[in-house]
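Step one of this worksheet: look at the structure below.
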Amino acid sequence: MNARRFLSVLLLCSLPAARGTSQESLLLPPDSAHALLLVDSSPESAWVMLDTACVGRTPCSLTVAAPATYLLRLQHPDVANWLTAALEETLAVRPGEVTRRLYPLPVWTLVVSSPMGAEIFAGDSLLGSSPLLLRPGRISPATPLTARLRGYETATATPAMAARGVLRIPLRASGEPGASIDNSLLELPRPHTTRLYLTGGGAILAGAAAAYFKMKADNASSDFLLNGDPASLSSRDRYDRASGVFLVVTQVSLGLFLAFLMSE
């Protein structure tokens, strides 16, 4: 997806501008049939598209026909970064008008703790667990984010410290230096987990046994048809009964498994 977006921007910017003019002539004041657009961004060098034509990078000046309505679209200079987002605005310009725009380009923030799974707090508010994706404008770049994970010391960082939208928060194991054992790994499985294993495994084993005895019954029935031996008929009935019993066990185990799973 990132490569496709990068190539699409390059392709558009290789086409001639539909309504813009050269950089030298753009500095001329607008006349009664044109308007002047002064476009800048933070950070600079964003790709600028006017309707369907790429007209350059910020900061740029555009002399356009007026009166008219244009769709102005800015793409972050880091096009290949999936955390960047495009920004669009519809501009209605009038003859002789000078329109100035300064756009802060939005960037999503991905908070990643090491190890993952830490709870991320902004003050006393829980934002979620790592890895955590924060939309642009949700919190201030200077807001301290605290990562908390059992068995590790808390760590703090701000979104302003993110590199290309990724904020990495390393955590140091608490206790003795070099210790990095998560106490949660030493906990015994919870009872409800054990019952899921038992009922699920029982359903699988009983189903396999039911299929096995059903195959044996079919083979015994074929032998009876071929040689008319009453012993084969007796074996078929015995295998059918065993297959039926295991089939009932399979259905009961599967029902219990689904019931326990839905109760989670």
Query raised in the report: Rg(Cα) of the range 37-85 divided by 2.2 N^0.38 Å?
Result: 1.18
**Report entry** Rounded to whole Hz, the Karplus (6.51, -1.76, 1.60) HN-Hα couplings of the range 79-89, x for glycine and proline
**Finding:** 4, 6, 7, 6, 7, 8, 9, 7, 10, 10, 8
Report task. Once you have the Kirkwood Rh of the range 191-262 from its Cα pairs, apply Stokes-Einstein at 25 °C and 0.890 mPa s and quote D in µm²/s. Result -> 186 µm²/s
Query raised in the report: What order, most packed first, do the peptides 217-228, 233-244 have when packing is the mean number of other Cβ atoms within 10 Å of each residue?
Result: 233-244, 217-228
Query raised in the report: How large is Rg/Rh for the range 47-133, to two decimals, with Cα atoms and a Kirkwood Rh?
Result: 1.19
Query - Label point distance in nm, residue 150-residue 168, each placed 7 Å from Cα along Cα→Cβ - result: 2.7 nm
**Report entry** Estimated FRET transfer efficiency (residue 260, residue 82; beta-carbon r; R0 35 Å; 0.05)
**Finding:** 0.35
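Read-outs throughout are calculated quantities, based only on the coordinates presented, and are distinct from any laboratory measurement. Quick caveat, the model's predicted, so the values are computed rather than measured. In this analysis, Cβ positions are derived from the backbone assuming ideal geometry, glycine residues included, and neighbour counts consider all displayed protein chains.
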